[in-house]
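Presented below is the structure to which this report refers.
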Amino acid sequence: MKNKNKEFPNSVFPQEVRDFVEKCSDSQGLCKDFMYSTYLSLASVLIGNSLKIDINNSWIESPMVWVALVGRSGIKKTPVIKAMINPLQKLDVESYKKYVESLNNGNTEFKPKQSFVDDITIEALYDVLNNNPKGLLLKKDELITLIQDADKYSKGGGTIEKLLSIFSNSPITLNRKTSKRYLCIENPFLSIIGGIQPKVL
């Protein structure tokens, strides 16, 4: 018997969200708790750097969240993420179309706005964050790959440390001697969503 005190507090969500979750749960068998958790990631990146909270004049908090959907294989973690971030994908597709149209018209200065990224190196992530100051959502179907691939493309390492700096609202810099690049992002914003199996966790 389920403990009522451990049920997800879905009453805090808008009715439209609850209706959508119920519909997906009934039609696709998706886990409601996973859907609500993923919605928090979706909401966080839509808010992004547009809102920060001053905690007792001691530090600043942003709505950045890192969410791990913990469940066994086959419990439909990936379909949950796909269903919930579909609006972000649509926004990115429309932005990309405008980007291509701009290039075709000879405008090479236009930078496409992105809401989320998937398989990406830390250097490429910095570029995307720089072009999208409001913030991004990093989606990983399997969170363990974020750890395994962290320094695959970086001989200098430190990818996890850089991600933690972002989470702590610290400015981040990128220096590349070979390409003579210097990049400083004062307010990076990156929420993360992904699934992981209990044994792997």
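The values are calculated or read from the model by the stated rules, or taken from the named source; none is laboratory data. What you see is a predicted model; the values in this text were computed from it and never measured. Note: ideal-geometry Cβ built from the backbone for every residue, glycine included; neighbour counts use all protein chains shown. When the accessible area is computed, the model is the full protein with side chains, heavy atoms only, and any ligands, DNA or RNA have been set aside. Shrake-Rupley method; radii C 1.70, N 1.55, O 1.52, S 1.80 Å.
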Restricting attention to region 16-36, which residues are without any contact (Cβ under 8 Å) to a residue 40 or more places away in the chain and either touching a helix residue (DSSP H, G or I) at 6+ places or on another chain (Cβ under 9 Å) or open to solvent by less than 90 Å² (accessible area, probe 1.4 Å) (or both)?
V17, R18, D19, F20, V21, E22, S25, S27, K32, D33, Y36
Within region 158-172, residues outside any helix (DSSP H, G or I), modelled with pLDDT of 80 or more and surrounded by 12 or more Cβ atoms within 10 Å (Cβ to Cβ) come out as N169, S170, I172
Enumerated strands (runs of 3 or more DSSP E) restricted to region 47-105, each holding at least 1 residues that are at pLDDT 90 or above
66-70
V12 vs. criteria among the hydrophobic types (A, V, I, L, M, F, W, C), under 25 Å from L91 (Cβ atoms), open to solvent by less than 80 Å² (accessible area, probe 1.4 Å) and at pLDDT below 95:
no
What do you reckon, is V65 in contact with a Leu (Cβ under 7 Å, 6 or more places away or on another chain), surrounded by 16 or more Cβ atoms within 10 Å (Cβ to Cβ) and among the aliphatic types (A, V, I, L, M)?
yes
Going by the structure shown, is K155 of a type in the set (K, R), at pLDDT below 90 and either assigned to a loop (DSSP other than H, G, I, E, B) or closer than 29 Å to M35 by Cα (or both)?
yes
Please state which of the following conditions Q148 fails to meet, knowing it meets all the rest: (1) surrounded by fewer than 18 Cβ atoms within 10 Å (Cβ to Cβ); (2) at pLDDT 85 or above; (3) polar (S, T, N, Q).
(2)
Residue list for region 46-61, restricted to those being more than 19 Å from K139 (Cα to Cα) and either surrounded by 11 or more Cβ atoms within 10 Å (Cβ to Cβ) or hydroxyl-bearing (S, T, Y) (or both):
S50, K52, S58, I60, E61
